[in-house]
Amino acid sequence: MGLASTTVKHLLLLLNFIFVVLGLVLIAFGIFFLVSVTENAVSIGENVAGGLIIGLGVVILIISIFGCLAAIHEARVRLLIYVIAVVLLILTQLLFLSMASHGTKDGISGSINEGFERLWDEEQKESGALAYYEEWLQCCGVNSPEDYWIIKHAIPITCCADRKCIDSSSVHQAGCKAKFVEYLDDKLLTFKIVSWLLIIGETIGAVFGWMLLSSLKNQSRRNNAAWM
């Protein structure tokens, strides 16, 4: 192999090593999400996000290790599989980023909406279902304090600063769903940054993988021509 091909091979190995590290970072971050669910008793959105992040991290880890082995052994078929897998991985990550940023009915945003709808149904049956979120996030109702006025329910003390409902100014005006989305967005910022770094790196990795594959094919043709 020529110098250029050797350089591409080494760069591909370096990139995949970095992907392995970033994949482990995603797995650790996903576990942190799930631990947060347990510690904070939060079960809306974070469990979905944590599961998706861990799953993505595992897939990145597997593909990166596979890519390293394909480059080391200079296996053309495995390199082709690696390039295809990386392209599919990039598309999957773009989908995850879309879900994290805007949400879909079956994504994180949908899970949050459904979760708060269930909580509000429980709140109307028995007062206190939203109490944990109202105190933790300093919010009131699902959308605003008006939620309680609509159902002719007194504003609970968990909606007020220091649990003291002196007047309307002491009532938190923000809804719990919006505050929770804001909280979740802050936590997902790390995931978004790592994902964009991975997408950029994986695009370069796919190009290097294709370059190495093409170089191996050309070398094979030259070797066959030399024997003729």
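Read-outs throughout are calculated quantities, based only on the coordinates presented, and are distinct from any laboratory measurement. Note that this is a predicted model, so its numbers are computed, not measured. Don't worry about glycine lacking a Cβ; one is built from the backbone with ideal geometry, like all the others, and counts go over all protein chains shown.
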Straight-distance crosslink candidates among lysines, where the alpha carbon sits under 25 Å from K187 and sequence neighbours closer than 8 are dropped
K105, K177, K179
Based on the Cβ-Cβ distance of L14 and L189, what FRET efficiency does E = 1/(1 + (r/R0)^6) give at R0 = 22 Å, to the nearest 0.05?
0.25
Ranked on Cβ counts within 10 Å of their own Cβ, fewest leading, K177, K9, K187 go K187, K9, K177
